[in-house]
Amino acid sequence: MSPLLTVEDLRVRFPTRTGVVEAVRGVSFTLARERLGIVGESGSGKSQTGRAIMGLTPPHAEVTAKRLAFEGIDLLSASPKRRRDLRGKRIAMILQDPKYSLNPVMSIGRQIVETLKRHEKIGRAEARERALEMLAAVQIRDASRVFDLYPHEVSGGMGQRAMIAMMLVAGPELLIADEPTSALDVTVQLEVLSILDRLVAERGMGLIFVSHDLRLVSSFCDRVLVMYAGKIVEEIAASELGKAKHPYTQGLLNCMPVIGADRHPLPVLDRKPEWAL
Amino acid sequence: MTEAVSVENLSVVFDEFKALDAVSVDVGKGESFGLVGESGSGKSTLLRAVAGLTGASKGAIRVSGREVRGTRRDKAFYRAVQMVFQDPYGSLHPRQTVDRQLMEPLAIHGIGDSERRILKALDEVGLGSSFRFRYPHQLSGGQRQRIAIARALILEPSILLLDEPTSALDASVQAEVLNLLEEVRRDRGLTFIMVSHDLGVVTHMCERLAVMQNGRVVERLTSADLVAGRIAEAYTRNLMVASKGFRREAVAQSG
């Protein structure tokens, strides 16, 4: 089976006044129709990896790779038009905070319909019908009411579900979720995750789940990449997380306070300079 | 027994909305007390009412046996009660150096010897004197939260109000800040009231906790009870399930 996505030696560099900052330093992996987690701290390059695949790296940054291909399409040499056609239609991305990533002056329904109209020849009535179906699929009960609401009129959990609806309505083959639940309440997090989980499974999408929460990612994904300072330090099957070898992975696992584990003080990461080499 | 903080039948109403509905909480001296609940449950409002940032419409708040009212408190109150906020990106002045921010509370309270105190405060939160003349944008999230903690501690308060002090931080940095907070509490015998939506953090830090929902306390229990699963309310159990993380089987049942 040929992979959905091939990433080989991906690098993202940001020129700054004080020199070039390399946020992603040679990341390679392939993705089939599976769930892949990318975990790391802030600044580890996990989000920039996702953005580079999506083509959302800021214009002043420089993206290079030996190979960055989606279903045989070379993403780096593809024309901007080709990438626009892919983005939203075949590759979609869910962002962290619905408060900031939805358009505040457009109703939720119109934002969903916009995606459809951009990528398909579709009539108004049919687009509305598809959007309502999609809202129902993310378990929004009163879909026709929510369709006309603006983002500030809904709760965070509802907004995030609307964003999932918006991203999945065109039926993408690859979904990149960048911290999709970090801005939500614990009680709502699980609901949103289970909706995401079900839709990804039903539609047979490839999923890249980016998060700093190693436990959450491992419970959701089949395979986990652990990133530190722009590099992958360990790749591990989610079921074998307990056997993680790299001290950074072990540190990330151990530093969370767990109910019932009486550990005072909590173990902290002792960052070794050689990890970043 | 003298309670450090005692809240009795406190109600806070914003226009028509009851943010707090007759809440009573007692926190003993030297105790670490947790408030848990989802957004909108009133846990932060309770903390802000104690700090005097939000006015109460009914009920009484007593701090160390003395009743405090309204949003204007005297200097002695602020010297005894300090607060650390959730977002270290928002709670520090962006155009003032660390030195200036730590000087502010000392100047307000007319405390001298600022040189030594600032260096000591920085040292206490694990940042060296090299951080003294930096601006907030030159610090990481964890370092900023340490500065916010240093600013609260520099007045040597006896009560620290913590509003989600680590939820804006990475998991690995969270552990460092939680350890720091535990250490200063042990060294100074501080009283903590800590708001969090993370049951793992609260059971780690606090001996007793109150679970809040829709402006009311729905359950009071000790961390030991929670760990052992001696839970009476369905809502608390929900929070408990949520804190265990995502499980595919659990979803299959509910779906």
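Among the numbered criteria (1) more than 20 Å from B:Ser196 (Cα to Cα); (2) under 14 Å from the mean Cα position of the chain (by Cα); (3) within 14 Å of another protein chain (Cβ to nearest Cβ), which single criterion is violated by A:Ile208?
Failing condition for A:Ile208: (3).
Please work out if B:Val184 is more than 18 Å from the chain's Cα centre (by Cα) and surrounded by fewer than 21 Cβ atoms within 10 Å (Cβ to Cβ).
So B:Val184 fails the test.
Looking only at the range A:182-198, which residues are among the hydroxyl-bearing types (Ser, Thr, Tyr) and either more than 15 Å from the chain's Cα centre (by Cα) or at the interface with chain B (Cβ under 9 Å from one of its Cβ atoms) (or both)?
Hits for the range A:182-198 are A:Thr187, A:Ser194.
Considering only residues that are among the acidic types (Asp, Glu) and more than 19 Å from A:Ile108 (Cα to Cα), look in the range A:147-205 and name the one that is surrounded by the fewest Cβ atoms within 10 Å (Cβ to Cβ).
A:Glu202
Taking the condition of being of a type in the set (A, V, I, L, M, F, W, C) and without any contact (Cβ under 8 Å) to a residue 12 or more places away in the chain, how many residues in the range A:217-243 meet it?
Qualifying residue count for the region: 0.
Tell me yes or no: at least one residue of the range A:127-137 is within 19 Å of the chain's Cα centre (by Cα), closer than 20 Å to A:Leu199 by Cβ and buried (at least 22 other Cβ atoms within 10 Å of the Cβ).
No, the range A:127-137 has no match at all.
Would the range A:163-176 turn up any residue that is farther than 17 Å from A:Arg51 by Cβ and either within 12 Å of the chain's Cα centre (by Cα) or within 13 Å of chain B (Cβ to nearest Cβ) (or both)?
Yes, the conditions are met somewhere in the range A:163-176.
For the range A:156-207, what are the residues that are basic (Lys, Arg) and farther than 20 Å from A:Arg223 by Cα?
A:Arg161
Please specify each residue of the range B:78-95 satisfying the condition of being without any contact (Cβ under 8 Å) to a residue 60 or more places away in the chain and either touching a Pro at 6+ places or on another chain (Cβ under 8 Å) or at positive phi (or both).
B:Leu92, B:His93, B:Pro94
Scan (1) surrounded by fewer than 17 Cβ atoms within 10 Å (Cβ to Cβ); (2) outside any loop (DSSP other than H, G, I, E, B) for the single condition A:Leu76 breaks and write down its number.
(2)
Under 23 Å from A:Asp97 (Cβ atoms), more than 8 Å from every other protein chain (Cβ to nearest Cβ), within 18 Å of the chain's Cα centre (by Cα) and of a type in the set (S, T, N, Q) - does that describe any residue in the range A:219-230?
Checked against the condition, which is being under 23 Å from A:Asp97 (Cβ atoms), more than 8 Å from every other protein chain (Cβ to nearest Cβ), within 18 Å of the chain's Cα centre (by Cα) and of a type in the set (S, T, N, Q), the range A:219-230 yields no hits at all.
Pick out the one residue from A:Phe220, A:Phe209 that is at pLDDT below 90, crowded, with 22+ Cβ neighbours inside 10 Å and not charged (D, E, K, R).
Among A:Phe220, A:Phe209, only A:Phe220 is at pLDDT below 90, crowded, with 22+ Cβ neighbours inside 10 Å and not charged (D, E, K, R).
If I filter the range B:221-236 for residues that are at the interface with another protein chain (Cβ under 9 Å from one of its Cβ atoms), out of contact with any Pro (no Cβ under 8 Å at 6 or more places or on another chain), touching a residue at least 24 places away in the same chain (Cβ under 8 Å) and aliphatic (A, V, I, L, M), do I get at least one hit?
Yes; the residues of the range B:221-236 include at least one that is at the interface with another protein chain (Cβ under 9 Å from one of its Cβ atoms), out of contact with any Pro (no Cβ under 8 Å at 6 or more places or on another chain), touching a residue at least 24 places away in the same chain (Cβ under 8 Å) and aliphatic (A, V, I, L, M).
Yes or no: B:Ser196 more than 18 Å from the chain's Cα centre (by Cα), of a type outside the set (A, V, I, L, M, F, W, C) and within 13 Å of chain A (Cβ to nearest Cβ)?
no
The values are calculated or read from the model by the stated rules, or taken from the named source; none is laboratory data. Note that the structure is predicted; figures quoted are calculated from it, not measured. Reconstructed Cβ throughout: ideal geometry from the backbone, glycine too, with neighbour counts over all protein chains shown.
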